[in-house]
Amino acid sequence: MIEPGTWPTAPIPTERLVLRASEARDRAAFVELFASPEVGTYIGGARPRDELERAVPEVPGRRPGCFVVALGGTMIGMITLDPRGVERRGHVRPEGGEAELGYLFLPKAWGRGYAFEACAAALDWFAGARPGEPVVLSTRSANDRAMRLAAKLGFAEVERFEEYGAEQWFGVRPSATPAG
Ligand SMILES: CC(C)(COP(=O)(O)OP(=O)(O)OC[C@H]1O[C@@H](n2cnc3c(N)ncnc32)[C@H](O)[C@@H]1OP(=O)(O)O)[C@@H](O)C(=O)NCCC(=O)NCCS
């Protein structure tokens, strides 16, 4: 997976965005993300802002596998590539621990193709860092935006199952598939 030695990577520029490690100036955007009812709709709900203000560290998300996505320097979302827990349902290899893509963007940045652009760049980076490794993804099947994005990124359905009281879609993107 993504060992600390290979992280943080140098910032990754895309046509309109930059993927980079988290910085202290991103803290307000992290709070905004986790306090947003729209962002939380399919991922367990929003958290109270005052609780977040107390709990969120000075530099949130500074760890291997977490990209801040910035537009003109300002954070508009985050992308994660974390090992999928072996205890979870949904795997494409028996030992588990596959790289799993996650994406959360601020609602004001939705509908402009930013999430696609940023995820495609993260997947390209991963394909270079871990050649031949598949990337998996799971989302509530009711999460239309996340489902459309997964399809555009080249993820194909492996299975659907119930988890957290709802139907989950689990897909894989073979390493050879170009991001688009
Ligand atoms: C999932 C999420 C990241 C998708 O964001 P998004 O902005 O819809 O995704 P994309 O970047 O693919 O943008 C697609 C939209 O941009 C539009 N668009 C505008 N300009 C575009 C461009 N230059 N290129 C591509 N698409 C463009 C597309 O037409 C599309 O619009 P539509 O949704 O109305 O059809 C976002 O909804 C989110 O953060 N949700 C909350 C967190 C969450 O549930 N995450 C998933 C957990 S598994």
So LEU123, is it within 25 Å of PRO11 (Cβ to Cβ) and free of Cβ contacts under 8 Å to residues at least 60 places away in the same chain: yes
Could you check region 33-64 and list, in sequence order, the residues that are closer than 24 Å to TYR164 by Cα and in contact (Cβ under 8 Å) with a residue 40 or more places away in the chain? LEU33, SER36, GLU38, VAL39, THR41, TYR42, ILE43, GLY44
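Residue-by-condition table, conditions (1) assigned to a strand (DSSP E or B); (2) open to solvent by 40 Å² or more (accessible area, probe 1.4 Å):
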{"site": "GLU87", "(1), (2)": "no, yes"}
{"site": "GLU117", "(1), (2)": "no, no"}
{"site": "GLY128", "(1), (2)": "no, yes"}
{"site": "GLY154", "(1), (2)": "no, no"}
{"site": "GLU157", "(1), (2)": "yes, yes"}
{"site": "PHE170", "(1), (2)": "yes, no"}
Note on region 87-141: residues within 16 Å of VAL18 (Cβ to Cβ) and out of contact with any strand residue (DSSP E or B) (no Cβ under 8 Å at 6 or more places or on another chain) are ARG112, GLY113, PHE116, GLU117, ALA120, ASP124
For region 101-115, which residues satisfy the criterion of being open to solvent by 30 Å² or more (accessible area, probe 1.4 Å) and closer than 16 Å to THR41 by Cβ? TYR103, LEU104, PRO107, LYS108, TRP110, GLY111
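Among the residues of region 71-79, are any touching a Pro at 6+ places or on another chain (Cβ under 7 Å) and either crowded, with 16+ Cβ neighbours inside 10 Å or basic (Lys, Arg) (or both)?
No: region 71-79 contains no residue that is touching a Pro at 6+ places or on another chain (Cβ under 7 Å) and either crowded, with 16+ Cβ neighbours inside 10 Å or basic (Lys, Arg) (or both).
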I need the full set of residues from region 98-138 which are farther than 15 Å from GLY77 by Cβ and within 9 Å of the ligand (Cβ to nearest atom), in order please. LEU137, SER138
Among the residues listed as ARG62, ARG27, the single one being at pLDDT 95 or above, open to solvent by 20 Å² or more (accessible area, probe 1.4 Å) and either assigned to a loop (DSSP other than H, G, I, E, B) or of a type in the set (D, E, K, R) (or both): ARG27
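Considering every residue within region 35-45, establish whether at least one is closer than 22 Å to ARG145 by Cα, of a type in the set (A, V, I, L, M, F, W, C), part of a helix (DSSP H, G or I) and open to solvent by 50 Å² or more (accessible area, probe 1.4 Å).
First, pick out the residues of region 35-45 that are closer than 22 Å to ARG145 by Cα: 35-45.
If we keep only those that are of a type in the set (A, V, I, L, M, F, W, C) as well, we get 35, 39, 43.
If we keep only those that are part of a helix (DSSP H, G or I) too, we end up with 35, 39.
If we keep only those that are open to solvent by 50 Å² or more (accessible area, probe 1.4 Å) as well, we get none.
The answer is no, given that none of the residues of region 35-45 is closer than 22 Å to ARG145 by Cα, of a type in the set (A, V, I, L, M, F, W, C), part of a helix (DSSP H, G or I) and open to solvent by 50 Å² or more (accessible area, probe 1.4 Å).
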Do you know which of the residues in region 130-152 that are part of a loop (DSSP other than H, G, I, E, B) and under 17 Å from ARG93 (Cβ atoms) is most open to solvent (accessible area, probe 1.4 Å)? PRO131
Among the candidates ALA118, ALA127, ALA142, which residue alone is aliphatic (A, V, I, L, M) and modelled with pLDDT under 95? ALA127
Taking only region 44-59 into account, find how many residues are within 13 Å of the ligand (Cβ to nearest atom) and modelled with pLDDT of 95 or more. 2
Enumeration of residues in region 7-24 that are surrounded by fewer than 12 Cβ atoms within 10 Å (Cβ to Cβ) and part of a loop (DSSP other than H, G, I, E, B): ALA10, GLU15
Condition met for GLU53 (open to solvent by 70 Å² or more (accessible area, probe 1.4 Å) and in a helix (DSSP H, G or I)): yes
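The values are calculated or read from the model by the stated rules, or taken from the named source; none is laboratory data. Because the structure is predicted, anything quoted here is derived from the model rather than measured. We place every Cβ from the backbone using ideal geometry, glycine too, and count neighbours over all the protein chains shown. The protein model used for the area step is the full one, side chains on, heavy atoms only, and it has no ligands, DNA or RNA in it. Shrake-Rupley method; radii C 1.70, N 1.55, O 1.52, S 1.80 Å.
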